[in-house]
Amino acid sequence: MEFKKILDLKEDSYYIYDEDRLVRNFNEFLNAFKKYYNNVEIAYSYKTNYLPKLCSKIEELGGIAEVVSEMELDLALRIAKREKIIFNGPYKNKDSIIKAIENGVIIHIDNIDELFVINDFLKHRKDLRCNVGIRINLSIDQKKPSRFGINPSEIENILESIDSNDRINLEGIHCHLPNRELNSFKFRCKEILRIYDKFFKNKINYIDIGGGFPSKLQKPLSEKLNIEDINISEYAKKIGVIFNDYFKKNP
């Protein structure tokens, strides 16, 4: 159906899925980062839009599935490569954690209780291993500290628990802040690399800097929201240069 005909519909509200635009946006975003730091992958948040056709296209483009609920996990298990699914989020019930372990999904530990569930389940399933990442609690504003993730003061205890179980593989570390400003990304990158340098250097396979990237807006909307024009290349340059400089000095 032509867009003009769609605009004339008098039905309930609806979304328009423009696959060509999705592909352009994905490649534009990825290439902007690769210009400054080549070792980059995109993890797509299913909660943003879990339309199966869209998620399948992200998978085809090489994106990683990032889920935060059991419903999203079930969808990703039908669409994505299981070793490329990240189970994130501050709440994961026992059943969903077990499902993730059984399917080889990477679980981002958000609190010590999740690690207890993993250890307890592995005691009864000697045939399985578990791949984990650790969400690090970062707060750009100390007056409003984040409630999510492992506090840096707890990292050593978490690592001791992981190291004590040879069937838990530590894959990566993760952080996320709600702030979308360029300076907040600079802050999170420098902080996560400082923590990496102290606790995780040469021990993990990836660093996940989370989401919250701003998107390009049509001028009427950006003016209404009082948001200046967004250029993702500025974010890519700031982030890419930080990582490129660090790993050049610390190969």
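The values are calculated or read from the model by the stated rules, or taken from the named source; none is laboratory data. Every value quoted in this text rests on a predicted model; they were computed, and no experiment measured them. Please note: Cβ atoms are built from the backbone with ideal geometry, for glycine as well, and neighbour counts cover all protein chains shown. With ligands, DNA and RNA removed, areas are computed over all heavy atoms of the protein, side chains included. Shrake-Rupley method; radii C 1.70, N 1.55, O 1.52, S 1.80 Å.
Heavy atoms only, probe 1.4 Å: what % of the accessible area of region 46-96 goes to carbon and sulfur, would you let me know?
Heavy-atom surface of region 46-96 belonging to carbon and sulfur, 1.4 Å probe: 52 percent.
Among rounded, prolate and oblate, which fits the chain when a ≥ b ≥ c are the square roots of the eigenvalues of its C-alpha gyration tensor, a/c under 1.5 means rounded, and a/b larger than b/c means prolate?
Details: a/c = 1.94, a/b = 1.34, b/c = 1.45.
Oblate, since a/c reaches 1.5 and b/c is not below a/b.
Tell me the label-point distance for the pair D95, L61, using the 7 Å Cα-to-Cβ offset, in nm and rounded to one decimal.
3.3
Could you work out how much longer the chain between K238 and D166 gets when fully extended? Use 0.36 nm per residue separation minus the Cα distance between them, nm to one decimal. Don't skip to the answer; put the middle values down first.
Numbers: separation 72, 0.36 × 72 = 25.92 nm, distance 3.76 nm.
Gain on extension, K238 to D166, equals 22.2 nm.
Nearest 20 debye, what's the magnitude of the dipole of region 1-119 about its Cα centre given +1 on Lys and Arg Cβ and -1 on Asp and Glu Cβ?
Dipole size: approximately 320 debye.
Over region 52-164, how many pairs of lysines fall under 28 Å by alpha carbon, counting only those 8 or more apart in sequence or from different chains?
26
Using unit Cβ charges (K, R positive; D, E negative) and no other charged atoms, how large, in debye to the nearest 20, is the dipole of the chain about its Cα centre?
Details: 41 positive and 39 negative charges, 119 e Å.
Dipole about the Cα centre, nearest 20: 560 debye.
Using modelled backbone amide H atoms (1.01 Å from N, in-plane), which distant-in-sequence or interchain residues come within less than 5 Å of H174's amide H?
I134, R135, I136, D208
Would you please give the residues with an amide H less than 5 Å from that of N169, counting only those at least 5 places away or on a separate chain, with H modeled from the backbone geometry?
C130, N131, V132
Which residues' amide hydrogens lie under 5 Å from the amide hydrogen of I230, considering only partners 5 or more residues apart or on another chain, with H built in the peptide plane?
The list, which skips near neighbours in sequence, is L217.
Would you mind getting the accessible area per residue of region 170-251, heavy atoms of the protein chains only, 1.4 Å probe, in Å²?
About 61 Å² of surface per residue is accessible.
I need the shape label for region 3-92. Rule: rounded when a/c is under 1.5, else prolate if a/b > b/c, else oblate, with a, b, c from the alpha carbon gyration tensor. Present the calculation step by step, with values, prior to reporting the outcome.
Values: a/c = 2.42, a/b = 1.27, b/c = 1.90.
Because a/c hits 1.5 or more and a/b fails to exceed b/c, region 3-92 counts as oblate.
Sorting L193, L221, L30 by accessible area (1.4 Å probe), largest first, what list results?
Ranked list, largest accessible area first: L221, L30, L193.
Under the rule a/c < 1.5 gives rounded, and otherwise a/b versus b/c splits prolate from oblate, where does region 70-196 land using the Cα gyration tensor?
In terms of gyration-tensor shape, prolate.
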